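Here the structure comes first, spelled out in structure tokens, and everything after it is commentary.
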Amino acid sequence: MKRSRSVGASSPLNGIGKQDGDPRRKRKLAEISQALNVTPVDVAVLRRMAISEGGLLTDEIRCKVWPRLLNVPTDILPEKSEEVERENNKDYNQVLLDVQRSLRRFPPGMPDEQREGLQEELIDIILRVLGRNTQLHYYQGYHDIVVTFLLVLGERLATALVEKLSTHHLRDFMDPTMDNTKHILNYLMPIIERVNPEVHDFMQQAEVGTIFALSWLITWFGHVLSDFRHVVRLYDFFLACHPLMPIYFAAVIVQYREDEVLDCECDMASVHHLLSQIPQDLPYETLISRAGDLFVQFPPSELAREAAQQYSQQMAASTFKDFDLTPEQQRPDTVLRRRRREKQALKGAAAGAMVATAQPTTARRFVRLAVMGLTVALGAAALTLVNTALEWAPKLDLHLFP
Amino acid sequence: MAKQYDVLFRLLLLGDSGVGKTCLLCRFTDNEFHPSHISTIGVDFKMKTLEIDGIKVRIQIWDTAGQERYQTITKQYYRRAQGIFLVYDITSERSFQHIMKWASDVDEYAPDNIQRILIGNKSDEEEKRQVATGQGNKLAKDYGMDFFETSASTNYNITESFTRLAEQVLAANKKDLDLLRASVTDELNLAALEEEEGITDGAAASQKGCWC
């Protein structure tokens, strides 16, 4: 099959609000360009740019800045990507199945031949990264992440960045099992509880769980958003932040839909269905800024203990309403859950008081967010260790946490 | 408020990645077919109401991701199901062999009186067939299941198979259903009399959601 060259910077997918006359946009372009041109490159400024309104503006800029955010040197990349062995590859069949079903992720109107070329490249990137990192395991949805990088950066750069991302931000999703992925989802309810106890209690009562947010988390929303500009805007944000930021963003979306949720019938299926269908017209900039605020107010370390508790309670509370006609309210786990809700309502009130006192200014927020992001790039190995061993591991004894 | 249905069942689609679970569902509920549907990540469901023996049966059909690693997530949903479709692809021997694994997981995690049905999908792709109809029949017989070869693409046997499983679930829960009907009819006799017009079934006045 004929390979098309990368769409990369010349793609028709470039940025948002392209009025060059906009003075704020002009200023931002200048700031980014300056940060890229100083030696050493000012990564802190680039992070701030990726987070703040409009993100990185164009795919051309993304090609230059995304590698910096992930600390991938672009000058030593091999000119030619190594060949990929497809036969006898344990992941090939699954990757092929998913890539063949990813038509929707390519720009509408792209000629079939070009799209098919890109799909071949997509398969190669995935198999190449997995082949070089045998500790990583393919998951359905990984292709949604990789296609985003491919469309913005082209095959060569995308391979390098995806490899870095897979060993850092996405590492936990690529374990042999999904246990750690499930555990990361456990951060969602504690965040929602702090933002909106009423919605939290409603969702607990409905026993909706957090699986509605699974594809959001592991594809960085690439699987569920149809407008590519929104996807790359979010990727700017997530690349500049802590790996748990997609969970904060998920919480912010739930909060944004508060009225719909509370109007919904309080049962698992209805709430799951409502939340799974993500609105396409979300006010992204507002939500990004709120997610950033939440992260600063309730950093993962503060939520770790509760997330671990969620895990054990989930196990205990997973007795489902079946075909029985027993009055629900008498079941012991319902009673337990009610007690827990009462207890949590108290805690929620305390958290509410904290929100009131912990409103950072916008500037401070970006600095703090950027610092968090920086930790990821610089001390990635250390961070992974800390996160997986202490914060994210559900199995550890709870008294380990202060 | 007029009641839309009498009973609610949950059915679950299981089977390897790419056998056509989502396509079966879309054909059944929306009569649509997209050959290159997107991969299912996690779980979601669609609903449809059938009428069986004068009972309005609302079925909630849960669709699942097929990749093995997702099973730790999808098996949480087995317990709430009353019926399960075990789906393979007649053009994939491998997906057929995996039915045994799916079936044993169902035995382990689903309720005891779960109803199961075996589906060999993509029956329109005869030239690529790897699993003979007889093999499907035999496996279904061994497991005591009904068996259908289907095609979401040509709409072959879709309504038939979904209706069959719904009928089986209804029959399996008939005792509960009769009990419920009796008690509800007693309690709501007056209301039922008042609302008589338009209602053909005693259970129609039962409260929505009371046995899901």
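The values are calculated or read from the model by the stated rules, or taken from the named source; none is laboratory data. Nothing here was measured: the structure is a model prediction, and the numbers come from that model. Note: ideal-geometry Cβ built from the backbone for every residue, glycine included; neighbour counts use all protein chains shown. Only protein heavy atoms, including side chains, enter the accessible area calculation; ligands, DNA and RNA are left aside. Shrake-Rupley method; radii C 1.70, N 1.55, O 1.52, S 1.80 Å.
Descriptive notes on the structure:
- Couplings for the stretch B:154-163, taken from phi via the Karplus curve 6.51 cos²θ - 1.76 cosθ + 1.60 with θ = phi - 60°, read 9, 6, 9, 6, 6, 4, 4, 6, 5, 5 Hz in order; Gly and Pro are left as x.
- Charging the Cβ of each Asp and Glu at -1 and of each Lys and Arg at +1, and nothing else, the dipole of the stretch A:187-239 about its Cα centre rounds to 260 debye.
- Shielding by partners, peptide A:206-215 (average Cβ within 10 angstrom, other chains): 3
- Remark: the B:Asp53-B:Arg94 segment gains 10.9 nm on full extension, using 0.36 nm per residue and subtracting the alpha carbon distance.
- Using Cβ point charges alone (K and R +1, D and E -1), the dipole size of the stretch A:52-139 about the Cα centre works out to roughly 380 debye.
- Note on the stretch B:1-106: dipole from Cβ charges, positive end direction compared against B:Ile59, B:Val19, B:Ser36; the farthest Cα belongs to B:Ile59.
- Residues whose placed amide H lies under 5 Å from that of B:Phe45, excluding near-sequence neighbours: B:Asp63
- Label-to-label distance, nm, for residues given as A:Ser33 and A:Asn71 (7 Å Cα→Cβ offset): 2.9
- The stretch B:3-142, dipole about Cα centre (Lys/Arg Cβ +1, Asp/Glu Cβ -1), debye to the nearest 20: 320
- Residue-by-residue Karplus 3J(HN,Hα) for the stretch A:22-36, coefficients 6.51, -1.76, 1.60, Hz, glycine and proline x: 4, x, 5, 5, 4, 4, 5, 4, 5, 4, 5, 4, 5, 4, 6
- HN-Hα J in Hz across the stretch A:281-297 - Karplus 6.51, -1.76, 1.60, θ = phi - 60°, x for Gly and Pro: 9, 5, x, 4, 5, 4, 5, 4, 5, 5, 4, x, 4, 4, 4, 5, 6
- Where labels lie 7 Å past Cα in the beta-carbon direction, separation of B:His34 and A:Gln114 in nm: 2.2
- Exposure ranking of A:Lys80, A:Lys26 by accessible area [1.4 Å probe, largest first]: A:Lys80, A:Lys26
- A dipole drawn for the stretch A:131-245 from +1 and -1 charges on Cβ atoms has a positive end, and of A:Gly154, A:Gln135, A:His168 the residue lying farthest that way is A:Gly154.
- Partner chain coverage, peptide B:36-48 - average Cβ within 10 angstrom: 6
- Listed by chain and number, the aspartates and glutamates whose C-alpha is less than 20 Å from the C-alpha of A:Lys64, apart from same-chain residues fewer than 8 away, are A:Asp20, A:Glu31, A:Asp42, A:Glu53, A:Asp75, A:Glu79, A:Glu155, A:Glu163, A:Asp236.
- Structure note, pairs B:Lys21/B:Lys175; A:Lys164/B:Lys75; B:Lys46/B:Lys122: Cα-Cα distances above 23 angstrom occur for B:Lys21/B:Lys175; A:Lys164/B:Lys75.
- Selected from B:Asn121, B:Thr150, B:Ala132, residue furthest toward positive end of dipole (the stretch B:92-154; charges at beta carbon): B:Ala132
- Carbon and sulfur %, accessible surface of the stretch B:1-157 computed with the full protein complex present, 1.4 Å: 45
- Inter-chain Cβ neighbour average for residues B:69-80, partner chain, 10 Å: 5
- Around the amide H of B:Asp146, modelled in the peptide plane, lie the amide H atoms of B:Leu118, all under 5 Å away and 5 or more residues distant in sequence or on another chain.
- Extending 7 Å from the Cα toward the beta-carbon at both A:Ser301 and A:Arg104 defines two label points whose distance is 4.1 nm.
- Isotropic mean projected area of the C-alpha convex hull, the stretch A:17-92 (nm²): 7.6
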